[in-house]
Amino acid sequence: MAKHNELGKKGEQLAVDYLLGKAYSILERNYRFDRAEVDIIARKENVLAIVEVKSRSTTDFGNPQDFVKPKQIKNLVKAVDEYVSENGLDVEVRFDIIAIVKQGSTFDLEHLKDAFYHF
């Protein structure tokens, strides 16, 4: 497996562990619909947190959260609409980013709540 894929998988697991530690329930990982993949769908009380995980080995080219593009957001919104409909959920939906940067042998994690809004 390529190094960037390994970092991505590690980042997603760190994000899941972080959310579990903050009392979120993980409902889905890598949920796919049409052209979108939602990294994590988590729930805490009446909030459905749609979490995009961005992991980087360096910030030389920008912060991880800067790599979420408008087209990706549009596809995520479409996928989440489908997920909420197919599961008959009546919840507040929030779009978050968990940004992870590898620092030597450790990782810095930042949870950005309401990181972007659907349009």
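The values are calculated or read from the model by the stated rules, or taken from the named source; none is laboratory data. Remember, predicted model here, so these are calculated numbers, not experimental data. Neighbour counts are summed over all protein chains in view; Cβ atoms, including those assigned to glycine, are modelled from backbone coordinates with ideal geometry.
Here are a few things to note about the model shown:
- All conditions in (1) outside any strand (DSSP E or B); (2) over 25 Å from residue 106 (Cα atoms) hold for residue 5, with the sole exception of (2).
- When residues in the range 3-30 are screened for being closer than 15 Å to residue 102 by Cβ and either modelled with pLDDT under 95 or of a type in the set (A, V, I, L, M) (or both), 11 of them pass.
- Considering residues of the range 102-119 that are at pLDDT below 90 and touching a strand residue (DSSP E or B) at 6+ places or on another chain (Cβ under 8 Å) only, the residue nearest to residue 58 (Cα to Cα): 116
- For the range 107-119, a residue qualifies if it is touching a Gly at 6+ places or on another chain (Cβ under 8 Å) and free of Cβ contacts under 8 Å to residues at least 12 places away in the same chain, but none of them does.
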